[in-house]
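Below is one structure, written out as structure tokens; the observations come after it.
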Amino acid sequence: MHIAYLGLGTNLGRREENLQLALQALEQNVGKLLKCSSFIETAPCGFHSSNLFLNAAVMLETELSPYDLLSATYKIEISIGRTHKSTNGTYSDRLIDIDILFYDQLILNTAELLIPHPQIQNRLFVLTPLNEIAPDFIHPTLQKSVQELFLNLL
């Protein structure tokens, strides 16, 4: 079994319902939900929109490999109505976004998947909910706790 940390975000439609649907689908298709943060409202990051985000972080126990986890999260996004992923730093409004933040202490750098997520340390909208559920988790490449990374952005 593996422990995965995921970040979830939505800024279109019924945001709380989108997150709840994603949580249910994660439990049905990925693994056991061990922890879920509060839902926090944040401004868009990296693009302009008048739609605020609702973000959360979850800790899951899963048997899936990192690539199978990526595939499962993508299928969940599609089932909730997401039509395309952000590419090359071009972000847009979305019904749901599910990012793999950490997978055990794995460091993976391929064209398809980067673990840990390369922007964790720069995103308060990720670190705020993640700090709520995993403040002592040590980032495998930065060798700092989630709480340290969170406090560095305040």
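The values are calculated or read from the model by the stated rules, or taken from the named source; none is laboratory data. Keep in mind that this is a model prediction, so the values were computed, not measured. Heads up, the Cβs are rebuilt from the backbone with ideal geometry, glycines too, and the neighbour counts pull from every protein chain shown.
Can you name every residue in the range 60-82 that is of a type outside the set (Gly, Ala, Ser), touching a helix residue (DSSP H, G or I) at 6+ places or on another chain (Cβ under 7 Å) and closer than 19 Å to ARG14 by Cα? Scanning the range 60-82 gives ILE76, ILE80. Looking at the range 124-142, can you tell me whether even one residue there is over 23 Å from LYS35 (Cα atoms) and outside any loop (DSSP other than H, G, I, E, B)? No, the range 124-142 contains no residue that is over 23 Å from LYS35 (Cα atoms) and outside any loop (DSSP other than H, G, I, E, B). Among what's in the range 6-37 and is in contact with a helix residue (DSSP H, G or I) (Cβ under 6 Å, 6 or more places away or on another chain) and not in a helix (DSSP H, G or I), pick the residue that is modelled with the lowest pLDDT. Step by step, filter the range 6-37, then rank; the result is THR10. Pairs are defined by a Cβ separation below 8 Å, a sequence spacing of at least 6 or placement on different chains, a first member in the range 74-95 that is aromatic (Phe, Trp, Tyr), and a second member that is part of a loop (DSSP other than H, G, I, E, B) and modelled with pLDDT of 85 or more; the pairs so defined are TYR91/PRO44.
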